[in-house]
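Quick notes on the structure that follows.
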């Protein structure tokens, strides 16, 4: 039971941090404010997260878990391949916007570029694997022509990333405007339709 | 005639610099060495290029002109859309490899990031415009379905860029291996075929 309580408290801290970050950004939020929100001592906060970096990574991890759980649910759903990929793009879009609001790119990039790179590399691989499954399902249904699904998934995910990176001169950034997000969303939708048509029988 | 002579000398300097940069890299080449290669005084070198940055930009400009002249020739050629785009990708590939050997990314990035960004942004726009023309020709021949060619060209060029940037964690870089270049070349070929199939009638 002790372990459960610890996990529960950890989750509550992350949830409180997520709320604060969403409204004020990660850089402007203090450990003090989070402790106050939770009516707990700073000491107990530091018991779970020895420093702000640890908290940022905790939040990043939690956000990632939520993202992948949603993405996976969509990926395993039924329907035409293009519709599944469009829905996955929508989940990605909503998550990217929320993630920018947390200002975690800024905070993490300033401090731990390498680790952040790893996190995004891992995320990209997971997204690629999910996409490969969606393409395989399309082939199995007879909708798409047989192909190397892993390779096609790499092409698709990399291209989608290219469309997004175009906004910020090739770098991950928090400074993307509403309008910029909307442009990329439209580009990615059009692109997905063309790419899947190109893979059809 | 005086102007012609000046232009000629400027071209000769750039050519000598290109040779040196190709063999030893821009960062390791001195103005002295270029003057020696040309059997001219350092003073007359500095008359045309007040500093090494000016020379680097001269070389970059020249390389860009050659690149675009070749790309344009291919873009205006005849044949199936996919073949023209594949040939354009090949020109881009050869140029990118040569450009990396010059080590100009490294040198320019260290000193004048903004201007380099502009140069690449302009290049991207020119490539996009050329691609739009190729797509329009494909539509006119009845090979491709009617579409917004400017928009489709943006999607294509951005995706191709995304496939390339994947190698260097989203940044322009000189540090791309032979093997890395070959991977991107294959990805871009496969991608071009799928994209154009997706635009067909």
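The values are calculated or read from the model by the stated rules, or taken from the named source; none is laboratory data. Not measured: the values here are computed from a predicted model. Here the Cβ is made from the backbone with ideal geometry for all residues, glycine too, and neighbour counts use every protein chain on show.
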Answer residue from the stretch A:168-182, given it is in a helix (DSSP H, G or I) and more than 10 Å from every other protein chain (Cβ to nearest Cβ) and is modelled with the lowest pLDDT among those: A:178
Where residues in the stretch A:142-154 are without any contact (Cβ under 8 Å) to a residue 24 or more places away in the chain and assigned to a helix (DSSP H, G or I), which of them is nearest to the other protein chains (Cβ to nearest Cβ)? A:151
Of the residues that make up the stretch B:29-48, is at least one within 20 Å of residue B:119 (Cα to Cα) and either without any contact (Cβ under 8 Å) to a residue 24 or more places away in the chain or part of a helix (DSSP H, G or I) (or both)? no
Meets criteria (surrounded by 17 or more Cβ atoms within 10 Å (Cβ to Cβ), at pLDDT 90 or above and not assigned by TED's automatic domain parsing to the domain that holds residue A:132) for residue A:26: no
